[in-house]
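Here, each number is a calculation from the coordinates, and none is a lab measurement. Given the structure is predicted, the values throughout are model-derived calculations rather than measurements. Quick reminder, even Gly has a Cβ in these numbers, built from the backbone with ideal geometry, and neighbours come from all protein chains shown.
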Amino acid sequence: MLIPGRSAKQGTSLNKGKLKDEYKKITSILEVNSDDMVRLGLDTGDQVKLSNEVGETIVSVKGMREGKLPVGCAFIPYGPPSSCLMSGETCGSGMPQSKHMMVQIELVKKVEKEVKKVEPAN
């Protein structure tokens with residue numbers, strides 16, 4: 001279940017401008033429960049496709065420590081990527097329905113892990 005919402009970083013970067021790289025980066029990170037990351041075979045930095053009956057988007061994923069997000073839940077800051085998944089239905093509120101969205105998460109690209117070369121001791 002995806003829960004889009006406001007975050008402190010999203011809010012401060014929004015004030016700097018929606019077209020700035022900082023805002024684009026912050027609103028393109030999906031936070032996922034660490035147990036779900038293991039179950040899905042994901043690592044922080046991997047790119048995933050989120051999709052539902054409305055649309056799809058590609059974002060980076062970040063594992064969250066135990067207690068930050070319940071198993072089965074993911075969070076993404078409001079922004080262009082999350083808007084791709086929201087219908088135009090507002091139920092008269094002026095704000096699209098965006099809570100408790102069921103989405104599919106699919107791996108698109110694994111993050112390249114840096115390989116450290118260890119020099120033998122003399």
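Observations on the structure shown:
- Scan of the range 64-86 for residues that are among the hydrophobic types (A, V, I, L, M, F, W, C) and in a helix (DSSP H, G or I), ordered by number: none
- Test: residue in the range 48-63 that is part of a helix (DSSP H, G or I) and on the phi < 0 side of the Ramachandran plot: no
- Here 50, 42 are screened, and the one residue that is in contact (Cβ under 8 Å) with a residue 60 or more places away in the chain and in contact with a strand residue (DSSP E or B) (Cβ under 7 Å, 6 or more places away or on another chain) is 42.
- Among the residues making up the range 56-70, those that are touching a helix residue (DSSP H, G or I) at 6+ places or on another chain (Cβ under 9 Å) and small (Gly, Ala, Ser) are 60, 63.
- Scanning the range 17-39 for residues that are surrounded by 15 or more Cβ atoms within 10 Å (Cβ to Cβ) and either aliphatic (A, V, I, L, M) or part of a strand (DSSP E or B) (or both) gives 26, 29, 30, 31, 32, 33, 37.
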